[in-house]
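We did not get these values from a lab; they are worked out from the coordinates using the rules stated. Keep in mind that what you see is a predicted model, and the values were worked out from it rather than measured. Positions of Cβ are backbone-derived with ideal geometry, glycine not excepted, and every protein chain shown enters the neighbour counts.
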Amino acid sequence: MGKKAAARVTRRSVESLDVLGNSVLPMSYKMSAYAKLGLLHELIDGVDADAPSPVDIECVRASLAAADAKRTRAASIEVRRRRIREQWNA
């Protein structure tokens, strides 16, 4: 939900929502808050999102590859656990 819409729904000003977001992380619109909540793989510093250089693009691609590898590893561990559980209970 956008800030203005959230302000209307909660009957607060946009500024008061920003202040509230500093103490209540789920209400924050800052990327650092999303990272603290565990919703991001990582924050990448020093990348110009509006005009990325080839180095910036490669940095982001490497980060995405690492996140995908981590997700794939977690999925394979879960499959292995499930198979062991099934074999144990058979």
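If a/c stays under 1.5 just call it rounded; otherwise compare a/b with b/c (prolate if a/b is bigger, oblate if not). Do that for region 8-56, with a ≥ b ≥ c from the square roots of the Cα gyration tensor eigenvalues. Numbers along the way, then the final one.
Numbers: a/c = 3.76, a/b = 2.02, b/c = 1.86.
Note, shape of region 8-56 comes out prolate.
Add +1 for every Lys or Arg and -1 for every Asp or Glu among the other residues with Cβ under 13 Å from the Cβ of K3, and state the total. Result for the neighbourhood of K3: +2. Once the Cα-Cα distance is subtracted from the 0.36 nm per residue extended length, the T72 to K30 segment shows a gain of 12.3 nm.
Quick check on the chain: take the gyration tensor over C-alpha atoms, sort the square-rooted eigenvalues as a ≥ b ≥ c, and tell me if it's rounded (a/c under 1.5), prolate or oblate. Verdict is oblate for the chain. Per-residue ellipticity at 222 nm, computed for the chain from helices alone with -39500 (n - 2.57) per DSSP H run of at least four residues, works out to -22000 deg cm²/dmol.
Straight-line reach from K4: which lysines have Cα under 29 Å away, leaving out those fewer than 8 places along the same chain? Partners found: K30, K36.
Taking the highest mean first, how do the peptides 74-80, 20-26 order by number of other beta carbon atoms within 10 angstrom per residue?
In descending order of packing, they fall as 20-26, 74-80.
Taking the C-alpha atoms only, the angle from helix 14-23 to the longest principal axis of the chain is near 40 degrees.
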